[in-house]
Each structure stands twice: as structure tokens, then as C-alpha cells.
Amino acid sequence: MATLLEKIKTKDAKVAVIGIGYVGLPLCVEMASAGFHTTGYDKHDAKVKSVLAGKSYIGDISDAQLEPHVK
């Protein structure tokens, strides 16, 4: 089994961010942009629906930055 450090170096580590608000969503975008499989979780349906539609509700993150990372 690969160590965490090896997984980070090879971008095989998976990242989970709890809370996709003003800190969590930019963190998700940065981790995904760096090549990591990233999952964001939030209990607020409106945030989740917005992100799943590729629409950012945070001024610091544009739709164009978010959309390529949403499947």
C-alpha cells in the first residue's frame, strides 16, 4: 500500500472538504486545479445545487474556474 506522501506526490490522494462556503469552495477549486480528485460536502442544498450546476455563489471563484471541475 502506498503511503500518504507517495499518494500526494503522484496525485493519487483524494481530498474531501467539509463545508463549501467562502473557505471551502476556493480550497476545493485549488485542490482540483492541482490535479487531485476533490469532493466537497455541505449540508445546505442551495450551495450543493449551485456547485453541481457549475455556478459559483462566491465572488472570488468564477463560474469559469469552477465549471471544469464539476462532473
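Every read-out reported here was derived from the displayed coordinates using simple, explicitly stated rules and does not represent laboratory data. Please read these numbers as outputs of a predicted model, since none were measured by experiment. Neighbour counts run over all protein chains shown; Cβ positions are idealised from the backbone, glycine included.
The table below lists the values:
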read-out	value
Structure-based [θ]222 nm, the chain - -39500 (n - 2.57) summed over DSSP H runs of at least 4, per residue, nearest 500	-10000 deg cm²/dmol
Cα-based helix-to-principal-axis angle, 24-33 vs the chain, degrees rounded to 10	50 degrees
Percent of alpha-carbon pairs separated by more than 17 Å within the chain	40 percent
Electrostatic dipole magnitude of the chain [Cβ: Lys, Arg +1; Asp, Glu -1; Cα centre; debye, to 20]	200 debye
Low-density loop positions, trypsin sites (Lys or Arg not before Pro), the stretch 1-59 - DSSP coil, at most 11 other Cβ in 10 Å	K11, K43
